[in-house]
Amino acid sequence: MGRDIVVATASGPINAWRADPPHGAAAKGAIVVLQEIFGVNAHIRSVADGYAAAGYVAIAPALFNNDYVIYLPLGGDYDVA
């Protein structure tokens, strides 16, 4: 089961859903789940949770919940609070 997190970026904080593999399991990798027009709703959270159940760390950022455009440069280091 995932949890709500806040990701700190140079453009400001972004709310997101983070789902991790089952307790004690090593992650196979990571995936970003992009929201549809309805935001990070129950469906998007369940998609992220499904990837986590399969062994991946999944994050679903709420890209449209802010008053400004989010710019996430490739290769950046992001602090997760």
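Laboratory data are not the source of any read-out in this text; all were calculated from the coordinates shown. Quantities reported herein were computed from a predicted structural model and do not represent experimental measurements. Please note: Cβ atoms are built from the backbone with ideal geometry, for glycine as well, and neighbour counts cover all protein chains shown.
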Report summary line: Log entry: pair-distance distribution for segment 13-69, C-alpha pairs binned every 5 Å from zero, whole % per bin is 4, 23, 28, 20, 13, 8, 3, 1
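Subtract the Cα-Cα distance of residue 42 and residue 15 from 0.36 nm times their separation in residues, and report this length gain in nm to one decimal. Kindly include the intermediate steps, with their values, before the conclusion.
Values: separation 27, 0.36 × 27 = 9.72 nm, distance 1.47 nm.
Contour length minus Cα-Cα distance gives 8.2 nm.
Tell me, what is the FRET efficiency for residue 4 and residue 28 to the nearest 0.05, using R0 = 41 angstrom and their Cβ-Cβ distance as r?
Values: r = 23 Å, r/R0 = 0.57.
Computed FRET efficiency for residue 4 and residue 28 comes out at 0.95.
For segment 7-47, run through the trypsin sites (Lys or Arg not before Pro) and keep only the ones in DSSP coil with at most 15 other Cβ atoms within 10 Å of their Cβ.
Values: sites: 18, 28, 45; in loops: 28.
Here the trypsin sites (Lys or Arg not before Pro) that fit, given the DSSP loop and packing criteria, are 28.
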